[in-house]
Structure formats: structure tokens, C-alpha cells
């Protein structure tokens with residue numbers, strides 16, 4: 001079992017990033033491949049394999065997933081990116097598919113399914129998988145039921161699920177039912193963060209990202225459910241907090257908390 005952290009809060013150069021995350025006690029990272037970070041879509045062919053080698057050799061951590069910038073048309077998902085992941089040994093590209101402006105959910109689902117099917121041969125030949133994450137709000141999908149619907153006609157080897165327990169809870173779907181729906185060959189990775197809705201000064205309900213032992217997602221129940229199912233994969237702590245300074249205050253403790261939950265016996 002591996003514990004990783006999404007390094008979106010950090011824009012360090014790769015050697016410094018390795019030292020930072022190694023000190024957190026994780027096995028690897030999810031690396032943003034985005035503007036402003038050491039690895040971007042423009043330089044990934046060269047820099048992603050270099051980053052993976054540096055992190056592994058100098059800090060003992062691996063790149064278990066990457067997260068490119070998300071679009072509504074899949075433009076970020078190119079054969080060159082798949083090849084870069086293959087050379088770097090990165091197994092998962094995490095994405096959150098989005099509908100186009102004015103597009104219905106079902107039309108977006110069908111469009112993405114067609115796009116993903118077209119990408120499957122290149123993904124498989126490079127030994128990399130797309131990890132489709134559920135995301136609350138106007139996304140495709142928003143919860144595990146939507147993940148199941150989207151993934152059913154797709155090949156599980158190269159296209160699967162990154163199940164985000166917090167976004168699932170924000171959409172009101174219980175973790176037990178969610179894992180009944182999605183756990184199996186498609187299950188690629190677990191995302192852990194936590195949050196709840198609160199009314200902002202403008203009167204609108206907004207998500208507040210909080211510590212792992214707060215919020216709507218019951219990490220303990222998630223861990224117990226997955227242990228009963230024999231889960232032995234990757235758990236990514238996504239390092240998202242609304243409180244100023246929250247990453248520095250809470251991330252290390254949340255990593256330790258997640259490790260304790262999955263280490264407990266009682267299956």
C-alpha cells in the first residue's frame with residue numbers, strides 16, 4: 001500500500017520538492033503537470049522522466065500519478081503525454097472530465113466515453129491509465145454512481161476510477177453504497193481530503209476544506225470498508241485546506257491519521 005500527496009501547494013524545483021515530501025513520510029507524490037510548475041505540458045516529454053529519476057534516486061519517492069490542467073475537450077490528453085508517463089514509470093493520469101458550456105450531462109458522458117475509447121490503445125501501449133475522478137458540482141461524474149455509468153463500456157486496464165471520498169460526500173452519496181458501486185477492476189486510486197458546506201458572507205453555500213477528522217467524509221468508515229475489500233493500492237492526500245496556512249498546520253497530521261486508519265486490524 002502506498003501513501004502519496006498531491007503537490008499542488010508547492011512550486012519547488014524537483015530536488016527541493018523531493019526533500020519536502022520525503023519529510024512528510026509519504027511513499028510518493030501526485031505531480032501537477034501545469035503552468036508554473038517544474039513539469040508542464042510543453043516540457044513533459046523531457047522533464048517528467050527526469051523528475052521521476054531525481055525524486056526516486058535523491059529522495060526515495062515515486063511519482064504515482066500526475067494531474068494535468070483540466071479542459072472540457074481532453075486537449076491535455078495527448079500521445080506525447082502518455083509516452084512521457086511510460087518513460088517515467090508514472091501509472092496514472094488523474095483527470096476530472098467537464099461538460100462543455102451548455103452541454104447536458106448525458107451528452108457529455110457519451111462524448112467523453114468516445115474520446116476515452118479512442119485513447120485506450122495508446123494508453124495501454126505506454127502502460128499508463130487514466131484515473132477519472134468524481135468531482136462535486138458541474139462535472140462528469142460527480143459521484144460513484146456517475147463513475148460507474150461513465151466507466152462501464154470502457155477497458156478497465158487503461159481507464160479507471162480515482163474515487164474522491166470528500167467530493168462524494170459533498171454530493172450526498174454514502175461511502176458504503178459508493179464503494180459497492182465502484183470498487184473492483186476499475187478502482188485505481190483513493191483520494192482523501194475532507195470538507196463541508198457553509199454559508200459565505202454573500203449568502204451562498206460554499207465548500208470549506210478542513211482536517212481529515214472533520215467534515216462530511218468519514219475517513220474511518222472509508223478505510224474500514226476498503227480494508228474489508230482487500231484494498232492494497234494508493235491513497236493520495238490531496239492537501240486542500242481553506243484555512244490560511246492549513247497545509248502547514250494539518251497535512252502531516254492528516255497523513256499520519258490516514259496511515260493509522262488503514263493500519264488498524266479488525267477486518
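Scoring 42-48, 187-193 by mean Cβ neighbours within 10 Å over their residues and listing the highest first yields 187-193, 42-48. Cα centroids of the range 204-230 and the range 132-182: 15 Å apart.
By the Stokes-Einstein formula, at 1.567 mPa s and 4 °C, the range 136-267 with its Kirkwood radius over alpha-carbon pairs has D equal to 84 µm²/s. Once a ≥ b ≥ c are taken as the square roots of the eigenvalues of the Cα gyration tensor of the range 87-187, is the result rounded (a/c under 1.5), prolate (a/b larger than b/c) or oblate (a/b not larger than b/c)? Oblate is the answer for the range 87-187, as a/c is 1.5 or above yet b/c matches or exceeds a/b. Note on residue 100/residue 152: beta-carbon distance plugged into 1/(1 + (r/R0)^6) with R0 of 30 Å gives a FRET efficiency of 0.85. Rg of the Cα atoms in the chain, relative to 2.2 N^0.38 Å, amounts to 0.96. Most tightly packed first, judged by the mean number of other beta-carbon atoms within 10 Å of their residues, the peptides 242-251, 30-39, 139-148 read 139-148, 30-39, 242-251. How large is log10 of I(q)/I(0) for the range 1-74 at q = 0.17, 0.22 Å⁻¹ when the intensity is taken from the Debye formula with one equal scatterer per alpha-carbon? Treating every Cα as an identical point scatterer, log10 I(q)/I(0) equals -0.57, -0.93. Note on the chain: helix-only mean residue ellipticity at 222 nm, from DSSP H runs of 4+ residues weighted -39500 (n - 2.57) and normalised by residue number, equals -11500 deg cm²/dmol.
Taking the inverse of the mean reciprocal distance over all distinct Cα pairs, the Kirkwood hydrodynamic radius of the range 1-155 comes to 16.1 Å. With coordinates expressed along the principal axes, the C-alpha atoms belonging to the range 200-267 extend over 45, 24, 17 Å, beginning with the largest.
Normalised by the number of residues in the range 157-267, the mean separation of alpha-carbon contacts (under 8 Å, six or more apart) gives a relative contact order of 26 percent.
Values quoted throughout were computed directly from the atomic coordinates according to the rules given, and no laboratory measurement underlies them. Remember, it's a predicted structure, so these values are computed and weren't measured experimentally. Every residue, glycine as well, gets a Cβ built from its backbone with ideal geometry; the counts of neighbours run over all protein chains shown.
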